[in-house]
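Here the structure is laid out as structure tokens; the discussion comes afterwards.
The values are calculated or read from the model by the stated rules, or taken from the named source; none is laboratory data. Everything numeric here is computed off the predicted structure, so don't read it as measured data. We place every Cβ from the backbone using ideal geometry, glycine too, and count neighbours over all the protein chains shown. When the accessible area is computed, the model is the full protein with side chains, heavy atoms only, and any ligands, DNA or RNA have been set aside. Shrake-Rupley method; radii C 1.70, N 1.55, O 1.52, S 1.80 Å.
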Amino acid sequence: MVLRERALQDTFAMFDGDKPVSLIHRFERDAIVHGCKIRIGFVGFVCTHPNYRGLGLASTILAATMNKFRENDVDFVCISGDRAMYRRAGARPVGGRGEFVVNPENVGKLRPKVDVVSIRTANLSDAELLAEIYDREPIRFIRPPSDYEIVLKYRHCVGQECEFILVRDGTASAYLLATTPQASEGKTLRTVFEYAGDRQLVLSAIWNLAHETELRVKVEGDDVIGRMLEEVGIERILTKKPGTIAVLDFAKTYAQVASLLRFTTSVKTDRKP
């Protein structure tokens, strides 16, 4: 968040004279959910100087941040944390995410399902390709190229050192966004917290990487990667999304997606046995 060019413009702060004593950073992205556009706001870097805590400064800034989101027609707000202050603002933990642990001990289960692919760490010149792969996802953010360029340049995302891993097989392509290998309790592990593109290639990349390190693969909802992993006997561990999420105006957002809900219900009803 703070590596973006607009980071300062998107930060609200309280000052004591010339000294900032409390601040909140925010930014916004449009998202596409099966053809329906929604707007999502993000809140992070909430902090107050120890000498100024308990005065309601952060709560005041959070209220101003939420008002700014309303002015900008934001539908959902994702907050990187779960505190009483966020609960008072209407934010709650939500589920809908699974985690699969693939490691050298169980990776052999994937062998019948995978293909031979080429894998490499992406570099700055790959930003356009990464964006092209991601833009084919049915559920996605509308991201400017700078989002990819920042991660590729600084190798940092979601508070951790990370990298894009490109997967190719002829004309098909995919990527994984994963933390760099980290030592923990005598073993090496990585977390895959985003992937896009051909799911067969994603599965093949998981198989390649899990021979050398434990992979914790985050899977949203009913994504096919989760089903592919479950089919070979790798357990889905249900988890909550990180932080908390607030709906700013439920009635407005529901009306916005009502046509989508009617369409998906109709499709399910019209299917033949």
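Data table
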read-out	value
9 Å beta-carbon shell around Arg39, net charge (K/R +1, D/E -1)	-2
Antiparallel DSSP beta bridges within the chain, percent to nearest 5	90 percent
Two-site label geometry, Lys252 and Arg111: point separation in nm, points 7 Å out along Cα→Cβ	5.6 nm
Carbon and sulfur %, accessible surface of the chain computed with the full protein complex present, 1.4 Å	54 percent
Cut-off under 5 Å, modelled amide H: who pairs with Leu215 long-range	Val102, Asn103, Arg190
In order through the range 69-80: 3J(HN,Hα) via Karplus (6.51 cos²θ - 1.76 cosθ + 1.60), integer Hz, x for Gly, Pro	4, 4, 4, 9, 6, 6, 8, 10, 10, 9, 10, 7
Dipole magnitude of the range 15-81 about its Cα centre (Cβ charges: Lys, Arg +1; Asp, Glu -1), debye to nearest 20	100 debye
Amide hydrogen neighbours beyond the local backbone of Arg92, cut-off 5 Å, H modeled	Ile245, Ala246
Potential lengthening between Glu230 and Thr171 on full extension [0.36 nm per residue; Cα-Cα distance subtracted]	18.5 nm
Relative contact order of the range 1-126, pairs being alpha-carbon contacts under 8 Å that are 6 or more residues apart, as %	18 percent
In the chain, lysine pairs with alpha-carbon atoms under 23 angstrom apart (chain gap of 8 or more, or interchain)	11
Estimated [θ] at 222 nm from DSSP helical runs (n ≥ 4, -39500 (n - 2.57)) normalised by residues in the chain, nearest 500	-8500 deg cm²/dmol
Amide proton proximity set for Arg53, modelled H, under 5 Å, gap of 5+	none
Karplus (6.51, -1.76, 1.60) ³J(HN,Hα), θ = phi - 60°, over the range 156-170, in Hz, Gly and Pro reported as x	8, 7, 6, x, 9, 6, 8, 7, 8, 10, 8, 10, 10, 8, x
Local electrostatic count at Arg92 - Lys and Arg +1, Asp and Glu -1, tallied over other residues with Cβ under 13 Å	+4
Summed residue charge, Cβ within 12 Å of Leu152's Cβ, Lys/Arg positive, Asp/Glu negative	-3
Cα→Cβ-extended label distance, 7 Å offset, between Phe12 and Val33, nm	2.4 nm
Extension gain from Ser125 to Gln182, taking 0.36 nm per residue of separation minus the Cα-Cα distance	17.9 nm
Kirkwood-type radius of the range 105-202, with distances r between different C-alpha atoms, in Å	14.5 Å
The range 147-258 - percent relative contact order, Cα under 8 Å, separation 6 or more	15 percent
Cα convex hull of the chain - mean projected area over all directions, nm²	17.9 nm²
Accessible area of Arg26 in the full protein assembly, 1.4 Å probe (Å², nearest 10)	20 Å²
